[in-house]
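Report on one structure; see the data block that follows.
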Number of protein chains: 2
Amino acid sequence: MKESWSSVDTLETNFRPLVVIELAKGTKEETIEWFTKRIVDKKTNGGAQLLIKPLVTENGGENIYLVGASHLRLLLGAENVGLVKECNDNSMRAFTYSSRKTFKDFADDNQNFLTMSECQYIIKHELENLRAKDEKMIPGYPQAKLYPGKSIVRRLLTNGILVQIFPLHDREELKKLRHTWYGQVKIGYQPLDEIRCYFGETIALYFGFLEYFTFALIPMAVIGIPYYVFAWEDYDKYVMFATFNLLWSTVILEVWKRICAVMTYRWGTLLMKRQFEEPRPGFHGVLGINPVTGREEPVYSSIKRQLRIYLVSVPFVCLCLYFSLYVMMIYFDLEQWALDYHEENKSNFSSLMLYVPSIIYAVVIEIMNRIYRYAAEFLTSWENHRLESSYQNHLILKVLVFNFLNCFASLFYIAFVLFDMKLLRQSLATLLITSQILNQFAESLLPYWLQKRYMKKMKERMHSLKMDTDLSLVEQVNSEKEMGTYFGTFDDYLELFLQFGYVSLFSCVYPLAAVFAVLNNITEIYSDALKMCRVYKRPFAEPTANIGVWQLAFETMSVISVVTNCILIGMSPQVNALFPDSKMDLILTVALVEHLLLAIKFVMAFVIPDKPRDIQIKLAKLEFESLEALKQQERMQLTAMHFAVLLILYGIRNFHCLYQKGNISTRALTYQAQSAENGFLRLVSILQLFVLSQLAFLICPEGSVEMCAHHPSYTIT
Amino acid sequence: MKESWSSVDTLETNFRPLVVIELAKGTKEETIEWFTKRIVDKKTNGGAQLLIKPLVTENGGENIYLVGASHLRLLLGAENVGLVKECNDNSMRAFTYSSRKTFKDFADDNQNFLTMSECQYIIKHELENLRAKDEKMIPGYPQAKLYPGKSIVRRLLTNGILVQIFPLHDREELKKLRHTWYGQVKIGYQPLDEIRCYFGETIALYFGFLEYFTFALIPMAVIGIPYYVFAWEDYDKYVMFATFNLLWSTVILEVWKRICAVMTYRWGTLLMKRQFEEPRPGFHGVLGINPVTGREEPVYSSIKRQLRIYLVSVPFVCLCLYFSLYVMMIYFDLEQWALDYHEENKSNFSSLMLYVPSIIYAVVIEIMNRIYRYAAEFLTSWENHRLESSYQNHLILKVLVFNFLNCFASLFYIAFVLFDMKLLRQSLATLLITSQILNQFAESLLPYWLQKRYMKKMKERMHSLKMDTDLSLVEQVNSEKEMGTYFGTFDDYLELFLQFGYVSLFSCVYPLAAVFAVLNNITEIYSDALKMCRVYKRPFAEPTANIGVWQLAFETMSVISVVTNCILIGMSPQVNALFPDSKMDLILTVALVEHLLLAIKFVMAFVIPDKPRDIQIKLAKLEFESLEALKQQERMQLTAMHFAVLLILYGIRNFHCLYQKGNISTRALTYQAQSAENGFLRLVSILQLFVLSQLAFLICPEGSVEMCAHHPSYTIT
């Protein structure tokens, strides 16, 4: 692995570039100097104590910097971010530098103990936690205000001085990963552990969910095929299929929680303590005291935020939903008008006109989605959430509701107002298949093609510049910095969520939906993998323990699908034929069945434990051990303290005795001990030297890191 | 307060009896000796290090023992059980002996720092954790097997050697509490904090919930009264009332969570770490290794338990439910038959016969309830749950389902099969009012009367025995040991749960139910208070942070009530008159409204935070502080360790130097130092003596506790 980095023109042989920082062109020298100094500065001086060096290119002055860190610094950083790693006894524990020897695969010279994505995550964390001391502004930019404790990187980003920070790809590793992931044509599981090592937990979890979801759809698809093949229309068969689907969707969502727990336990993120969350970059407010930390930072009244949410955002979203429904109604009117026109005229032009409403509607929906997305982002940002997580949740909720309505409103209208099952099936199939094809094209294949063309062009340009054609670091950084940025798993999950809606909401009308979903997901895995490996910049790893709000979204969808399917079955002519005399009995029966199914769903969700038994036991064991250790530790610590006091007193008395006797001084004693021929005395003084160095390290660990890093030849002589 | 204990013939003046242990009559001397020795024995020898003394009565040999503990022992015990107390800075923190000075109202001579119920809880905890060492059986009882780590008290209880353990009342405090609680005729809140101090959190929380629930019902009652007074029968008014009720019941349950969090934060139980739960007394299995603690204890396969639950218990419960429904059908048949008989004969006898079915049914229901309760207890105990909490949950679930059906099945039948709203209203009123009156009578007033009669008799007997008529400890213990045992809040909550059912399930038919519920609850508070203070033995305090499974039960009831009320409104003639043409539209409208209400309920439950903002901040602050402290502590501890090592080495070297010089020995040095006239040397040796004693305390704190307790005059001279 080291070979791919060895050719680099780095200052030190040990410097391994991990993260790239791109500053805006024309950034003032003064600012650059101050910023790089703060990055390199010691922890005790409020710096990040990382290594940084400029990328020297042929045309120069591109303001691109490479950031790295010494091995020791990374280990201390791993402790800082609360990384959980596997121990020698196969249990998972939070890594601490002092207990480093107990961890699996740890060795002082093993640079691979931390994966590259972990190192990059640590560096990102350290950079983001580089805080202003007493600077009032960023040097050179008086408009970029700072206050003590403000994250410097975030202020630089919001002021446009810092263009981007991104982690570098590891070409060798990426090649390996690509090969095992989608390089071979074989049926098998994805290499989730390798994906996690390379891209981090959030992305690995998405691929894990995608894979699991695909497998979980297979039974639905298998059961759905005969319905299509034999054109079964018997109501009893449909009822069976729908019932199976509804219970199955509950089971798969519950089982996913368990599988997710197993995976994230293995990855260590299940145990990772939630770090204290910093305010998100866009958060603003008057400077005040945070009641939790007691530190000075901007505060914003929660009541104001609530008012903004309930008085502005909620009405706005409702208005948008209403507007979307209104547009849908216009579409249906247009459709009807086109149909009537075609009936009247029966010309070529009129048959073409039949397609016009659909095209207009599709375009309008797409436009509305885009505008709404911007509006939602603006509104959520205006709500001024303190934490990134709560910002994300509010944004996801807003977008989800609107997308749900946009996608499914027309289907609901066809099903429950027009009562046209044939049209429903047709629309469903069209919507599902076209959206899947378009998505995959727009999401991966098109960017991949564009990317490839761009790369080719750039390579030609490089060639013409007579550069070294070998893959140098400069070329890598330059090509990666132009790649698109992956904005997180939101759109990928949204796609899956809507697909789940198509499959489950009307499953009893169109059993084939699951088949298409399975087929789509298999190619989706490949196209998403391609996207991650080829199209986008490498994203920073984000530790996560579950799929968060999406679990709730999928569960809500499966509750809604119980209602829709029950109504659909109740409306089917076969079921209606069963109750020839009384529509009322039919409806009551349907309502009863629906309530029963819902009750069963909730009981099942309640009865199936969220974590498998062995994970539960492991977690309980850890909790028990930490309780025991806490008791032990308190006792130990006090003992050590008292012991130290005792020894100090003992030492003072001895010294005093000797001093009073007048025949010895400490300096003389030390000299005497060091020069003594006696082996025992020599051993004692060497040990003492060692202890002193250790003590210095403990009192100021970051300082000594620097010392060790700069004096690798430091040994006890 | 001390006066009430001072008259006692205790061995030491400091001995304050807290807990009473009653052994079976005729228990072997050998067993008593062994048991008391284990209670008194030092912690290091595996004892409980408590104080115990026999209660000397005139007729002797009653095998009653009083247990107490020294103040220091109780403080160490408080740390052990993880008690959370208020600090000087008004924050709540887990009490530790080493940080005792930072707690509010702490002083070494303040015996009231721990409330009496806390002391009793600590003693109970210590007694229950008195574990067998290498005894194979209880001495004198070869059939009572022991294994290392088995709780001795639990084995003694299951073998009937130990009759009971109960905490003593504090007559003075109880008198004060009675006065403020129900002594004065005044409208006001209950003294929940005092109740909590005297009876512990579980009981205080029950009374808190009862009070809150009564207040919460008042709006329903107030709105319900005009419906009765003006005999409103307009559907729109009913719809309004029902809608208000449904949303209100959601709000009150959510708000309760918040109020509960505020209360339990103040009491410290919200922060109390869940102790590692020990196996419950009845749990049995083959000896194995607990995978969590790694200790030897009985283990029982979880699969076997699951099989027992799903293959035996669940079918049995279903059978019982079916049987109960069957009995109800017979009752309705009998009723019909009696009505027909009366119609035919019209005699006095026949009109008497009209009451027979109801009476038989009431008796049968009561019998069924009793038998079922026994069966449920037997089954749940046979399921062999390891933890008391999971045993309780399974038992509550079983009893709840059956009681729900027994109470409400006939009402459901009248409402949704017979469609007889008049009969429904009548039955509802009868059931609600009679059950309330009967309950209060059977639960408090009858036992109180019996108790009073018994006390009078005993007092007379005492008088005839020419005993000191003043309230002596002997008399107190003897009277309290005969009092009934309070078996927890289960039945009280069950009563409230069923009342909530009467109020909410059919609220739109009988709005007056809330009025009766409010009236009942006001008297219920007084009768329950009477029961706690006068009828039963003092119960052990149980720390708890919420009302547990009952929250879920009440929430489920409020979901069911949405469904029933929607159906009832849909069935009302006024609403039917609105849809004269199509029954179908009516049902669809009702179903739509029901789904909307359910959706609103879930959204409300989701949106209202479970904890008020200030409690959230306080909890976040504590978490943040503990994270920061952990980082600090680790560094500190290591520093201390290294410092100690350094000093040891320094000491060794100095000593070695001196030894080599041949002019001094450690013993001589120590002697010299102690006999020195020099003030500095003297100070050093005194300090050293102090440190040594502290060190001894830390290495074996329980041992030194004993030392301190037995030598209160121990000072450094």
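Brief remarks on what is shown
- For region B:158-201, the set of chymotrypsin sites (Phe, Trp or Tyr not before Pro) satisfying both a DSSP loop assignment and a count of at most 15 other C-beta atoms within 10 Å is given as B:TYR189.
- As a calculated quantity, the FRET efficiency between B:ILE371 and B:ILE437 at R0 = 30 Å, using C-beta atoms, amounts to about 0.80.
- Where labels lie 7 Å past Cα in the beta-carbon direction, separation of A:VAL262 and B:ALA362 in nm: 5.8
- Accessible area expressed per residue, region A:58-150, with surrounding protein chains retained (probe 1.4 Å, Å²): 41
- Annotation: region A:5-168 has a Kirkwood hydrodynamic radius of 17.0 angstrom, from the mean reciprocal C-alpha pair distance.
- Each copy carries a label point for A:MET368 at 7 Å from Cα toward Cβ; from one copy, the others' points are 5.5 nm away, ordered from shortest.
- Net dipole in debye of region B:534-604 [+1 Lys, Arg Cβ; -1 Asp, Glu Cβ; about Cα centre; nearest 20]: 560
- Length, then width, then depth: along the principal axes, the Cα atoms of region A:328-424 run 61, 26, 14 Å.
- Residues B:LEU450 and B:VAL56, FRET efficiency given R0 of 30 Å [Cβ-Cβ distance, rounded to 0.05]: 0.55
- Using a 7 Å projection from Cα along Cα-to-Cβ, the label point at B:VAL312 is separated from the same position in the remaining copies by 6.4 nm, smallest value first.
- Accessible-area loss of 30 Å² or more (1.4 Å probe, protein heavy atoms, chain alone versus all protein chains) is found in region B:258-301 for B:ARG274, B:PHE276, B:PRO291, B:VAL292, B:ARG295.
- Proximity of backbone amide H atoms, modeled 1.01 Å from N, is registered between A:TYR486 and A:LYS537 at under 5 Å, excluding neighbours fewer than 5 places apart on the same chain.
- Under Stokes-Einstein, with the Kirkwood radius over Cα pairs as Rh, the value for region B:154-233 at 10 °C and 1.306 mPa s is 97 µm²/s.
- Semi-axes of the equivalent ellipsoid for region B:367-497, computed as √(5λ) from the eigenvalues of its C-alpha gyration tensor and ordered from largest down, come to 41, 23, 10 Å.
- Percent carbon-and-sulfur accessible area, region B:5-168, ignoring ligands, DNA and RNA, probe 1.4 Å: 51
- Inter-copy label distances for B:ARG534: 8.6 nm (label point placed 7 Å from Cα along Cα→Cβ; shortest first).
- With θ taken as phi - 60° and the Karplus curve 6.51 cos²θ - 1.76 cosθ + 1.60 applied, the whole-hertz 3J(HN,Hα) list for region B:605-620 is 4, 6, 7, 6, x, 6, 10, x, 4, 5, 5, 4, 5, 4, 5, 4 Hz, x standing for glycine and proline.
- Normalised by the number of residues in region B:250-345, the average gap of Cα pairs under 8 Å and 6 or more apart makes the relative contact order 11 percent.
- Protein accessible surface hidden between B and A, which excludes ligands and nucleic acids, total in Å², probe 1.4 Å: 7300
- Projected over all directions and averaged, the alpha-carbon convex hull of region B:210-267 occupies 4.3 nm².
- Ranked by how many other beta carbons lie within 10 Å on average, peptides B:105-111, B:374-380 from highest: B:374-380, B:105-111
- Reported value for region A:479-622: 152 Å³ per residue, from the convex hull of its C-alpha atoms.
- Just the protein heavy atoms count here, and of the accessible area of region B:174-611 at 1.4 Å, carbon and sulfur take up 68 percent.
- Integer Hz, Karplus 6.51/-1.76/1.60 couplings in order for region B:246-251, x for Gly and Pro: 5, 5, 4, 5, 5, 4
- Where labels lie 7 Å past Cα in the beta-carbon direction, separation of A:SER91 and B:TRP382 in nm: 3.9
- At R0 = 51 Å, FRET efficiency that the Cβ-Cβ distance of A:HIS284 and A:TRP232 yields, to 0.05: 0.25
- Over all distinct Cα-Cα pairs of region B:174-611, the Kirkwood formula returns a hydrodynamic radius of 24.9 Å.
- Between A:SER350 and B:LEU423, the simple spin-label model (points 7 angstrom out along Cα→Cβ) gives 6.4 nm.
- Residue pairs, from the table B:LYS28/B:LYS53; A:LYS621/B:LYS304; A:LYS85/A:LYS618, whose Cα atoms sit over 19 Å apart: A:LYS621/B:LYS304
- Contact order for region B:324-405, expressed relative to its length and based on alpha carbon pairs under 8 Å spaced 6+ residues apart, stands at 25 percent.
- Computed over region B:5-168, relative contact order equals 26 percent, with contacts defined as Cα pairs under 8 Å that lie 6+ residues apart.
- Heavy-atom surface of region A:174-611, accessible at 1.4 Å and reported per residue (Å²): 50
- Amide H contacts under 5 Å for B:GLY285, placed H, 5+ residues apart: none
The values are calculated or read from the model by the stated rules, or taken from the named source; none is laboratory data. Keep in mind that what you see is a predicted model, and the values were worked out from it rather than measured. So basically every Cβ, Gly included, is an ideal-geometry build from the backbone, and we count neighbours across all protein chains shown. Protein only, heavy atoms only, side chains kept; ligands, DNA and RNA dropped before computing areas. Shrake-Rupley method; radii C 1.70, N 1.55, O 1.52, S 1.80 Å.
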